[in-house]
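Enquirer: Below is one structure. I have some questions about it.
We did not get these values from a lab; they are worked out from the coordinates using the rules stated. On a predicted model such as this, the values are computed, not experimentally measured, just so you know. Backbone-built Cβ (ideal geometry, glycine too); neighbour counts: all protein chains shown.
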Amino acid sequence: MPDKKQILEYFHLIDAELKKRNQTGEILIAGGARLCLVHHAGDFTKDIDGLYEPKHIINDIVNMIIPDNEDYPPKWLNDSIKSYIGANAPREEFLSLNNLKIYTASAEYLLAMKMISARFDTLDDCDLKYLMKKLNIATEEQAFDILLQFFSESQIQPKTMYAVRNVIEMINEEKEEISNSETDDTSAGNRPKP
């Protein structure tokens with residue numbers, strides 16, 4: 001699997017190839033790649049989920065420069081998130097090269113995407129937990145306030161409600177454990193010495 005350094009190298013190779021072809025391009029990344037590159041929430045990502053243009057040219061370049069081996073999935077750069085992210089998603093510039101601009105979805109939008117997809121066969125619960133902590137979300141209401149900024153109530157499935165509730169419970173349990181540990185440490189310091 002590619003690490004952060006390799007991903008950045010590939011972005012530079014895509015940029016160089018776009019320049020040779022007298023083309024410019026944009027990539028809007030989301031998902032685990034955003035967490036890996038922007039938040040340093042992991043060293044690797046199995047792929048880059050995003051929207052990109054010109055799609056056929058960038059696909060051709062990626063197929064040309066990415067090694068054809070088992071370390072990289074066939075669709076290393078893919079638009080599988082297109083049903084969860086719109087072209088009007090709030091974005092932040094991540095990297096600006098001569099012929100290629102890389103944007104990332106905002107943390108709030110990424111949280112909303114992770115909530116709405118709520119995939120149990122992935123690391124989405126870990127991603128949800130990370131993003132909720134980063135955004136200081138402590139309640140289901142706070143999480144759903146963000147979700148409803150980007151998605152309609154009719155799009156929210158029971159799995160989303162379950163996932164959010166589960167992650168909030170995990171965060172609160174961690175806080176309680178930390179609090180108990182600090183209390184134990186404080187009270188241990190006040191004990192008389194034998």
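Enquirer: Using only the Cα atoms of the stretch 107-184, what do you get for the radius of gyration and for Dmax, in Å?
Expert: Reported Rg and Dmax, both Å: 12.9, 46.
Enquirer: Related question: Which FRET efficiency value, to the nearest 0.05, is calculated for N172 and V38 with the Förster distance at 22 angstrom and r the Cβ-Cβ distance?
Expert: Numbers: r = 26 Å, r/R0 = 1.18.
It comes out at approximately 0.25.
Enquirer: What order, most packed first, do the peptides 158-167, 90-99 have when packing is the mean number of other Cβ atoms within 10 Å of each residue? It would help to have the intermediate numbers written out before the result.
Expert: On the way: 158-167: 16.9, 90-99: 14.3.
So the peptides 158-167, 90-99, ranked by packing, come out 158-167, 90-99.
Enquirer: In what order do M64, M132 fall by count of nearby beta-carbon atoms within 10 Å, going from fewest to most?
Expert: On the way: M64 10, M132 23.
Listed from fewest to most nearby Cβ atoms, that is M64, M132.
Enquirer: Given the pairs K75/K101; K55/K134; K5/K159; K19/K114; K134/K175; K4/K114, which are separated by over 26 angstrom at their Cα positions? Don't skip to the answer; put the middle values down first.
Expert: Working: K75/K101 20 Å; K55/K134 32 Å; K5/K159 35 Å; K19/K114 34 Å; K134/K175 14 Å; K4/K114 21 Å.
Those over the limit are K55/K134; K5/K159; K19/K114.
Enquirer: Right, here's the next one. So if each residue of separation counts as 0.36 nm, and I subtract the Cα-Cα distance between Y162 and S80, what length gain in nm does that give?
Expert: 27.2 nm
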